[in-house]
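Trainee: Quick one: the structure is below, and I'll ask about it shortly.
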Amino acid sequence: MRVARPSEEQLAKIRRKPLYIVLDNVLDTYNIGSIFRLADAVAAKELILCGGSETPPSSRIHKAAVGTEEWVKWRYFASASEALADLRSQILDLRVIAIEQNPKAISLYDLTSKIQDLKSPLAIVVGHETEGISKEALDLADLIVEIPMYGVNKSLNVVVSTGIVLYRLVELV
């Protein structure tokens, strides 16, 4: 399935949400492409690819993104911490939310009580499929959020985690 490229007029009518999705060394090109689709679905302002994350043009990203990489705004940085520093230099009230299993993390369900402290715009950081978010990027987060796990498996695919948290944030802000 390939999505027809929208016209410039159609793209201009989309009210972009103040959401910036930062991929910190996400290596699987299918995950990257799927996050392009997710960024389009939530009308995020920008997707930022960092470190070892592959960038378009890429046939594997294109296949998973179903063409959305052609109109979702994106940039590349050598590291997520560099990307976050750049965003913060441009957006003074930016808040950074890391999606990570971490002792300092709050549950996704507690996000409602914490959201008053987090005004838009938001940078959502997700990390490497097995190693997670780099320590440098994690140290820059205003809030770390984790998704409760109730079964034997203790982690979700990076795309699934990103989607769950993004849609929760879209609902709250």
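Where a number appears in this text, it was derived from the coordinates with a stated rule and is not lab data. Treat the numbers as computed from the prediction; the structure is a model and nothing was measured. A quick note on method: Cβ atoms are made from the backbone with ideal geometry, for glycine too, and the neighbour counts reach across all protein chains shown.
Trainee: Name the residue from VAL158, GLY67, LEU19 whose Cα lies farthest towards the positive end of the charge dipole of the chain, charges +1 on Cβ of Lys and Arg and -1 on Cβ of Asp and Glu.
Mentor: Positive-end residue among those listed: GLY67.
Trainee: Return the tail of the calculated pair distribution for the chain, meaning the percent of Cα-Cα pairs more than 26 Å apart.
Mentor: 24 percent
Trainee: Quick one: Karplus J couplings for region 126-135, per residue in order, coefficients 6.51, -1.76, 1.60, θ = phi - 60°, nearest Hz, x for Gly and Pro?
Mentor: Values, residue by residue: 10, x, 3, 4, 10, 9, x, 7, 4, 4 Hz.
Trainee: Relative to the longest principal axis of the chain, what angle (0 to 90°, nearest 10) does the C-alpha long axis of helix 158-172 take?
Mentor: Compared with the principal axis, the helix lies near 80 degrees.
Trainee: Further question: Provide the per-residue ³J(HN,Hα) series for region 52-68, in order, calculated from phi with Karplus coefficients 6.51, -1.76, 1.60 and θ = phi - 60°, each as a whole number of Hz, with x at glycine and proline positions.
Mentor: For region 52-68, the Karplus-derived couplings read x, 5, 5, 10, x, x, 8, 5, 6, 5, 4, 4, 6, 7, 6, x, 5 Hz, x marking Gly and Pro.
Trainee: Turning to a different aspect of this structure: Let me know the shape class of region 88-153, please: from the alpha-carbon gyration tensor, a ≥ b ≥ c as square roots of the eigenvalues, rounded when a/c is under 1.5, otherwise prolate if a/b is greater than b/c, or oblate.
Mentor: Judged from the Cα gyration tensor, region 88-153 comes out oblate (a/c at least 1.5, b/c at or above a/b).
Trainee: In debye, nearest 20: dipole of the chain around its Cα centre with unit charges on the Cβ of K, R (+) and D, E (-)?
Mentor: 520 debye
Trainee: Let me ask something additional. When the dipole is taken about the Cα centre of region 5-87, and only Lys, Arg (+1) and Asp, Glu (-1) are charged at their Cβ, what size is it in debye, to the nearest 20?
Mentor: 340 debye
Trainee: In addition: Please list, in order along region 81-95, the HN-Hα scalar couplings obtained from phi with the Karplus expression 6.51 cos²θ - 1.76 cosθ + 1.60 (θ = phi - 60°), rounded to whole Hz, x for Gly and Pro.
Mentor: 5, 5, 4, 5, 4, 5, 4, 5, 6, 9, 10, 5, 9, 4, 10
Trainee: Please label the shape of region 11-81 as rounded, prolate or oblate, based on the square roots a ≥ b ≥ c of the eigenvalues of the alpha-carbon gyration tensor (a/c under 1.5 means rounded; beyond that, a/b larger than b/c means prolate, else oblate).
Mentor: Since a/c reaches 1.5 but b/c is at least a/b, the shape of region 11-81 is classed as oblate.
Trainee: Any chance you could give the angle, 0 to 90 degrees and rounded to 10, that helix 29-41 forms with the longest Cα principal axis of the chain?
Mentor: Computed tilt is about 90 degrees.
Trainee: Using just the helices of the chain, give the 222 nm mean residue ellipticity in deg cm²/dmol: DSSP H runs with n ≥ 4 each add -39,500 (n - 2.57), and the total is spread over all residues, rounded to 500.
Mentor: That comes out to -9500 deg cm²/dmol.
Trainee: For each pair in LYS114/LYS135; LYS114/LYS154; LYS63/LYS114, compute the distance between the two Cα atoms and list the pairs where it is over 27 Å.
Mentor: Table pairs above 27 Å Cα-Cα are LYS63/LYS114.
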